[in-house]
Structures are given as structure tokens and as C-alpha cells.
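The values are calculated or read from the model by the stated rules, or taken from the named source; none is laboratory data. Bear in mind that the values here come from a model prediction, so they are computed numbers and not experimental data. In this analysis, Cβ positions are derived from the backbone assuming ideal geometry, glycine residues included, and neighbour counts consider all displayed protein chains.
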Amino acid sequence: MDNLLNDEMVGQIKGVFAQMKEPVQILFFGSEGNCDYCGDTHQLLEEVAAIDSRIGLSKYDLTSDAEVAKKFSIDKAPGIVIAGKDGDQVLDFGIQYSGVPSGHEFSTLINDIILVSGRDSGLSPAVREYLKKIDKPLHMQVFVTPTCPYCPRAVILAHQMAMENPGMIRAEGVEATEFPELASTYGVSGVPQTTINAGAGTVIGVVPENQLLIEIKRALAN
């Protein structure tokens, strides 16, 4: 089986991973059933995890490991959780991706690993303060496609926000072409589109953190 990453890419990623601070655990959720991209996704994650010893990878099945999937709120395959690792403990930051992170979305995967390893969202103090106080579930689904150069920024922003209050906030990148029914349900006609709490709020395009926060507040008030 041919590698998905060539030597040049591995070298570049190794350079990026040099800035990692804390260990990261990637959880992969596949499905024995109808899952066209599960094989490629798992292979890609294996190759990425092999680049740095601080990255762990565990493999689960949506059906046979239903309890684990439920614990991490994973309901799609391929599903990815980028978590922190502290000894034997997996630290869930609410950072997820549904689909294969290919094309421009590969940079999202790499950036997520750096984000989680740093254990710091990098958001402004005012935004952090508001997010930490959220006391009802917030689920952001950022619909993307591999050919969209702006999409990674939208996914990363949602993931940064989840880090501030992972018990309440879950942020999920969703590959729109792999999950067309879901994209259709939320009227996705262009990407990136951030759908908040199953359509209570919607943001089209890449927006600054303050603007996304306004839409989150509006959605939570509904």
C-alpha cells in the first residue's frame, strides 16, 4: 500500500510538530458498514501519528465501540477526535472532525494537533471569558470541502472556542460532500458554513471571533 504522505510532506510536518508542547491523542472512529473514506482516513492518521512520538492514535468502531462513541459524541464515520493526553488520561476538548481531512482540510488536522498540544485557545480575553460561562450545550458544525482554501480558518476558530469550555461546547468540522444529507438539512450552499445548535444560528464564510460570538449568543438565546 502506497503512503499518502511523501517524504517532503513528512519533513515539513515534522518541522511544524517541533512546536508541540504536550502529548496529543487522536481517536479514530470507523464503521464496518458503508464507509467509503474510513480506510483512507485511518491510513492518513496513522502516517501523521508516526511522525512524532508525542502523538497517539486509537481506533474504534461506531457500532462495536458504541459506548466510546457516545462518550465523545461521535455519530458519523469516519469520525476524528483530537484530544489531549495526560499519562493514561484522554482529555476531551470537544474538538472533532467528520470525514477525511484531505485537500485544504489536511492543514486543519495539523493545526488542531498544534492547538491541542499547546492547551491554549489563543482567543481574546473577552471571548474566553464569555465562553467559559456558557452553561448550556453549544454544538458548532462547520461545513467544509477539501477544495475550499478559507475553510480551515473557520474550523480552527470553532475548535479554539470549544477548548475554552469543552464540557459544554463541541465543535465539529464536517466534510459536506461526504455527508450530503446533513448539509442539505442545514441548507449548505456555500462553504464554510457554521451551523450552531442544529440551525438555531448560522454563519456563512470566515468571520472574526467577535462576530461568531454574536451569532452564538443569539443562537443560545433562542
- Give, as residue ranges, the helices (runs of 4 or more DSSP H) completely inside region 1-102 that count at least 3 residues that are over 23 Å from Asp120 (Cα atoms) and over 20 Å from the mean Cα position of the chain (by Cα). 7-17
- For Gln160, all conditions in the list (1) over 27 Å from Cys35 (Cβ atoms); (2) assigned by TED's automatic domain parsing to the domain that holds Asp92; (3) not aliphatic (A, V, I, L, M) hold save one; what is the number of the exception? (2)
- Pick from region 57-74, criterion touching a helix residue (DSSP H, G or I) at 6+ places or on another chain (Cβ under 7 Å) and buried (at least 20 other Cβ atoms within 10 Å of the Cβ), ranking: nearest to Gln43 (Cα to Cα): Tyr60
- Within region 170-222, residues touching a strand residue (DSSP E or B) at 6+ places or on another chain (Cβ under 6 Å), small (Gly, Ala, Ser) and more than 19 Å from Pro101 (Cα to Cα) come out as Ala219
- Query: Restricting attention to region 141-152, which residues are closer than 14 Å to Leu109 by Cβ and of a type outside the set (A, V, I, L, M)?
  - Reply: Pro146, Cys151, Pro152
- Could you say whether any residue in region 2-15 is under 21 Å from Ala66 (Cα atoms) and surrounded by 17 or more Cβ atoms within 10 Å (Cβ to Cβ)? no
- Item | Check on Ala69, closer than 30 Å to Ala221 by Cα and among the small types (Gly, Ala, Ser) | yes
- Note on the structure: Filtering strands (runs of 3 or more DSSP E) wholly in region 161-222 for at least 1 residues that are touching a residue at least 60 places away in the same chain (Cβ under 8 Å) and surrounded by 13 or more Cβ atoms within 10 Å (Cβ to Cβ) gives 169-175
- Only one of Ala83, Ala77 is within 21 Å of Leu182 (Cα to Cα) and either in the same structural domain as Phe179 (by TED's automatic domain parsing) or buried (at least 18 other Cβ atoms within 10 Å of the Cβ) (or both), namely Ala77
- Query: If a residue has to be within 15 Å of Ser124 (Cα to Cα) and among the β-branched types (Val, Ile, Thr) to count, how many in region 140-163 make the cut?
  - Reply: 1
- Can Gly33 be described as at pLDDT 95 or above and not aliphatic (A, V, I, L, M)? no
